[in-house]
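Peer 1: Please see the structure below; I have some questions.
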Amino acid sequence: MVYDGPVMDNHFHLNRQGRFLDAARDFQRVGGTHIVLVHCPDFSSPPTTREGHSKAYRDTVEMAASVRKEVGLSTRVVLGPHPAAFAHQFEKWVLEDGEDGKQQAVNNYRDSIDAALPFIEEGEAHAVGEVGRPHWPVSADIWALSNELLEETMHLAAQGGFSLQLHVEGESDETYGDLAKMALRQGMDLTRLVRHYSPPNIDRNYTHGLTPSVLAGKGAIETLLATYEQRSHGFFLETDYMDDLRRPGAVLGPKTVPKRTKQLLDAGVPEDVMWDTHHDLPLRVYGEATSP
Ligand SMILES: [Zn+2]
């Protein structure tokens, strides 16, 4: 099977202290053409001011520019806070300041979203993410607030006509349906709601019209093959590559999506399905990539 179409990794992080451009080169060497570079927050001290958020996002935008210029890959950029950042700041600030701390965490979340929007308006970023809710057990308070803020962000996305990359809790059968309900309440086009780190089951009865971005581990192939004909409108493939030297190849290595694409084609997935995953659907969800 000779597929000469594009190959896009829909969730890729880079880190100047990691392998940085060499990781992007690895991806390119095995046939990768496009990456969606997702902002990686500094988990040890996430920004606490709007200016701090803008500055951190600016750095991600500049990394994407280096990937284009020095490696020659097309890129799209996704900017936003990580659900973990909100939950951790919330816990810390509530301990320190009670109700005020709670409000401070909410305000900082809103600032982190607001700071991303000008980049989208200027065409320097293509979506907001990874937003969502904690994917580990949290207090009822944090859970309720995370949901409220997520729905608020869905409202902004519907108004602004941009997409969201979601990072949400694991394997529960209710997750997709729950998210679809929230998004429809806010008038969002469900295609624009991308579930990052999604399980390989892409049957439309399971995904409820959202766009799954399947974590392309070895074990994903079988379920993908068993369900892709029942998909809703399409799906992405991703590695969630972290570019962390302490955890090389986590979550999956940079060469994985090109490799899985080839395996899917070899297993009989038609070329036009792969063109959709790597070209048509990205256009609908994010608009044009920025070329080198
Ligand atoms: Zn990620």
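The values are calculated or read from the model by the stated rules, or taken from the named source; none is laboratory data. Please read these numbers as outputs of a predicted model, since none were measured by experiment. Note that we place each Cβ from the backbone using ideal geometry, even for glycine, and neighbour counts take in every protein chain shown. When the accessible area is computed, the model is the full protein with side chains, heavy atoms only, and any ligands, DNA or RNA have been set aside. Shrake-Rupley method; radii C 1.70, N 1.55, O 1.52, S 1.80 Å.
Peer 1: Test of understanding: among ALA115, ALA85, which residue is buried (at least 17 other Cβ atoms within 10 Å of the Cβ) and within 16 Å of the ligand (Cβ to nearest atom)?
Peer 2: Of the residues listed, the single one that is buried (at least 17 other Cβ atoms within 10 Å of the Cβ) and within 16 Å of the ligand (Cβ to nearest atom) is ALA85.
Peer 1: Find all pairs meeting these conditions: Cβ atoms under 8 angstrom apart; at least six residues apart or on different chains; first residue within region 47-70 and assigned to a loop (DSSP other than H, G, I, E, B); second residue open to solvent by 40 Å² or more (accessible area, probe 1.4 Å).
Peer 2: Qualifying pairs under 8 Å: PRO47/LYS55; THR49/ASP111.
Peer 1: Taking the residues in region 277-292 that are open to solvent by 30 Å² or more (accessible area, probe 1.4 Å) and either in contact (Cβ under 8 Å) with a residue 40 or more places away in the chain or in a helix (DSSP H, G or I) (or both) as candidates, determine which candidate is nearest to ARG192 (Cα to Cα).
Peer 2: Step by step, filter region 277-292, then rank; the result is ARG284.
Peer 1: I'd like the residue in region 222-259 that is open to solvent by less than 40 Å² (accessible area, probe 1.4 Å) and free of Cβ contacts under 8 Å to residues at least 12 places away in the same chain and, out of all such residues, is farthest from the ligand (Cβ to nearest atom).
Peer 2: Selected residue: GLY249.
Peer 1: Count, please, the residues in region 194-206 that happen to be crowded, with 17+ Cβ neighbours inside 10 Å and either within 16 Å of the ligand (Cβ to nearest atom) or over 16 Å from THR277 (Cα atoms) (or both).
Peer 2: Going through region 194-206 one residue at a time, the tally reaches 7.
Peer 1: Considering only region 21-32, state which residues are within 16 Å of the ligand (Cβ to nearest atom) and not aliphatic (A, V, I, L, M).
Peer 2: Residue satisfying the conditions is PHE27 alone.
Peer 1: A further question on this structure: Among the numbered criteria (1) without any contact (Cβ under 8 Å) to a residue 40 or more places away in the chain; (2) part of a strand (DSSP E or B), which single criterion is violated by HIS11?
Peer 2: Failing condition for HIS11: (1).
Peer 1: Sticking with this structure for a sec: With the condition kept exactly as written, say whether any residue in region 61-76 is touching a Cys at 6+ places or on another chain (Cβ under 8 Å), within 16 Å of the ligand (Cβ to nearest atom) and not charged (D, E, K, R).
Peer 2: For region 61-76, residues touching a Cys at 6+ places or on another chain (Cβ under 8 Å), within 16 Å of the ligand (Cβ to nearest atom) and not charged (D, E, K, R): absent.
Peer 1: Answer yes if at least one residue in region 166-176 is β-branched (Val, Ile, Thr), closer than 30 Å to GLY98 by Cβ and either modelled with pLDDT under 95 or not in a strand (DSSP E or B) (or both), and no otherwise.
Peer 2: Yes, the conditions are met somewhere in region 166-176.
Peer 1: Counting only residues that are open to solvent by 20 Å² or more (accessible area, probe 1.4 Å) and either within 15 Å of the ligand (Cβ to nearest atom) or not polar (S, T, N, Q) (or both), how many does region 46-60 have?
Peer 2: Result for region 46-60: 9.
Peer 1: Scan region 7-17 for residues that are buried (at least 19 other Cβ atoms within 10 Å of the Cβ) and away from the ligand (no atom under 13 Å from the Cβ) and jot them down.
Peer 2: Within region 7-17, VAL7, MET8 qualify.
Peer 1: Now for a different question. Pairs needed: first member in region 124-151, more than 22 Å from THR60 (Cα to Cα); second member anywhere, modelled with pLDDT of 95 or more and surrounded by fewer than 20 Cβ atoms within 10 Å (Cβ to Cβ); C-beta distance under 8 Å; at least 6 residues apart or different chains.
Peer 2: ASN147/MET182; LEU149/ARG110; LEU150/MET182; GLU151/MET182; GLU151/ARG185; GLU151/GLN186
Peer 1: Restricting to region 127-169, give me the number of residues that are within 15 Å of the chain's Cα centre (by Cα) and of a type in the set (Gly, Ala, Ser).
Peer 2: 5
Peer 1: Please state which one of GLU169, GLU151 is more than 23 Å from ARG76 (Cβ to Cβ), away from the ligand (no atom under 16 Å from the Cβ) and surrounded by fewer than 21 Cβ atoms within 10 Å (Cβ to Cβ).
Peer 2: Within the list GLU169, GLU151, the selection yields GLU151.
Peer 1: Among the numbered criteria (1) away from the ligand (no atom under 16 Å from the Cβ); (2) under 20 Å from VAL106 (Cβ atoms); (3) in a loop (DSSP other than H, G, I, E, B), which one does PHE43 miss?
Peer 2: With respect to (1) away from the ligand (no atom under 16 Å from the Cβ); (2) under 20 Å from VAL106 (Cβ atoms); (3) in a loop (DSSP other than H, G, I, E, B), PHE43 is out only on (1).
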